[in-house]
Amino acid sequence: MQQPDPKEIMMLNRIVVFSVIVFFIIISAIYLLFVSGKTGQYSDFEDYIFGTYVRIRISSKVNPSTISKAIFAEMKRLEKKFDPYIESSIIYKLNHSEDWVEVDDETLSVIDLALKIARDTEGAFDPALGRLIQLWGFSKFTEREATGTFTLPSASEIAEAASNSGYQKIAIDYVNKKIKTNGAWIDLGGILKGYALKRAYQIAKEFDKSCHGFVETGGQIMILGPKYNKTNWVIGVRDPRGQPGENITIVYLSEGSVATSGDYERFFIVDNVRYHHILDPRTGYPSNKAISATVIANDPVIADAFSTAAFVLGEDRWLFTRTVFPKYGAEVLLVTPKKQLLRTDNFRIYEMSDR
């Protein structure tokens, strides 16, 4: 029998090795393309929480469905815990107690932060306007919008609710972890979505540090990572007097959060006057010094709360907004009632597509 040629054996071995290498390269490419999420294969998820639609677009090496379910579950937990109109919530308990109420660490931390932001914005953001919000009918806005049962409160009713409102009334006992509202009603609507987005980011990164995409809720977006892991997300800032989808400007973000507060979100009209849900703590009436305020910040809590504060301060106190807000990491675009655009010094940077 003829013995195999050693050269042929070596050649055959090389072919086998080469084939195995090519096989593994192909398998790796398929994994990167369809599993790892690093080439822009996004999955979309949606749920209804906080009275609005929450949308998640995510790409991850971990099952995106698993991450989205964890985020939605956390948001629903926060909604149930902090909704002032659910009797089982801690906020309802605080608002309906005349005494000190012991709270958990999370509640203490969130309310303490809300009070700090109130002080930093000189009360333009106020987490203790619950009585006014209920009086104006914005606590059950969806139900009233469906039936058209909006009525204007009287001046005396507004004055009375305002006298029993305000962040200055909220007292905290840090040693014993207790809070007393002193008759005011806490409503964290101006900060809760930002806090929920912060938790969403933390949860996503716990599953996969390299995941990317964004989470959007109620007009606010939290970036999880750059688009395709390398480019900016293109985000339209809605024209407050245009149709849905019409933008007044475009911003480009690869990280951080953008939030907009506007008088077009929840409002009703009586005698051709627009009454919206962003109340001025100083008057008890809807603020009328702006029609839209957009804030970009790394921290979604700052973006959320400071967009409300910027709206309330409006064009009359633009110098304060322009000077003070950037110190807290908040860059602002304000749209005045005459549709003039006012920007803090660094906001334009986010409007540059090639930055």
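The values are calculated or read from the model by the stated rules, or taken from the named source; none is laboratory data. The structure presented is a predicted model; accordingly, all values stated were derived computationally and were not measured. Note that each Cβ is placed from the backbone with ideal geometry, even for glycine, and that neighbours are counted across all protein chains shown. Keep in mind that these areas ignore ligands, DNA and RNA; they rest on the heavy atoms of the full protein, side chains included. Shrake-Rupley method; radii C 1.70, N 1.55, O 1.52, S 1.80 Å.
Against the chain, whose longest principal axis is taken from its Cα atoms, helix 6-34 shows a tilt of about 10°.
With a ≥ b ≥ c the root eigenvalues of the C-alpha gyration tensor of the range 68-190, is it rounded (a/c under 1.5), prolate (a/b larger than b/c) or oblate? Note, shape of the range 68-190 comes out oblate.
Of the solvent-accessible surface of the range 48-132, computed with a 1.4 Å probe and all protein chains present, 47% belongs to carbon and sulfur. Per-residue surface analysis assigns H96 an accessible area of about 100 Å², computed on protein heavy atoms at 1.4 Å probe radius.
With both labels modelled 7 Å from their Cα along Cα-to-Cβ, the N164 to T323 distance reads 3.8 nm.
Each eigenvalue of the Cα gyration tensor of the range 35-105, multiplied by 5 and square-rooted, gives one semi-axis; in descending order these are 36, 12, 7 Å.
The C-alpha atoms of the chain define a longest principal axis, and helix 300-313 lies at about 30 degrees to it. Kindly provide the helix-only [θ] at 222 nm of the chain, computed as the sum of -39,500 (n - 2.57) over DSSP H runs of four or more divided by all residues, to the nearest 500 deg cm²/dmol? The per-residue figure over the chain is -11500 deg cm²/dmol. Counting protein heavy atoms only, the range 136-267 has 46 percent of its accessible area on carbon and sulfur, 1.4 angstrom probe. Averaged per residue, the chain has 51 square angstrom of accessible surface, using a 1.4 angstrom probe with ligands and nucleic acids left out. Annotation for the range 293-346 versus the range 102-136: alpha-carbon center distance of 19 Å.
The angle between the Cα long axis of helix 64-82 and the main principal axis of the chain comes to about 20°, on a 0 to 90 degree scale. For the chain, the relative contact order is 14 percent, taking Cα pairs closer than 8 Å that sit 6 or more residues apart in sequence and dividing their mean separation by the residue count. With Cα atoms as the point set, the chain shows a radius of gyration and Dmax of 25.7, 113 Å.
Each Lys and Arg contributes +1 and each Asp and Glu -1, all at the Cβ; summed about the Cα centre of the chain, the dipole is approximately 760 debye. With an a/c value of 1.5 or above and a/b not larger than b/c for the gyration tensor axes a ≥ b ≥ c computed over the alpha-carbon atoms, the range 122-235 is described as oblate. Only Cα pairs under 8 Å and 6+ residues apart enter the sum, and on that basis the relative contact order of the range 214-306 stands at 26 percent.
Judged by the ratio a/c of the largest to the smallest principal axis of the C-alpha gyration tensor, the range 214-349 counts as prolate, that ratio being 1.5 or greater while a/b is larger than b/c.
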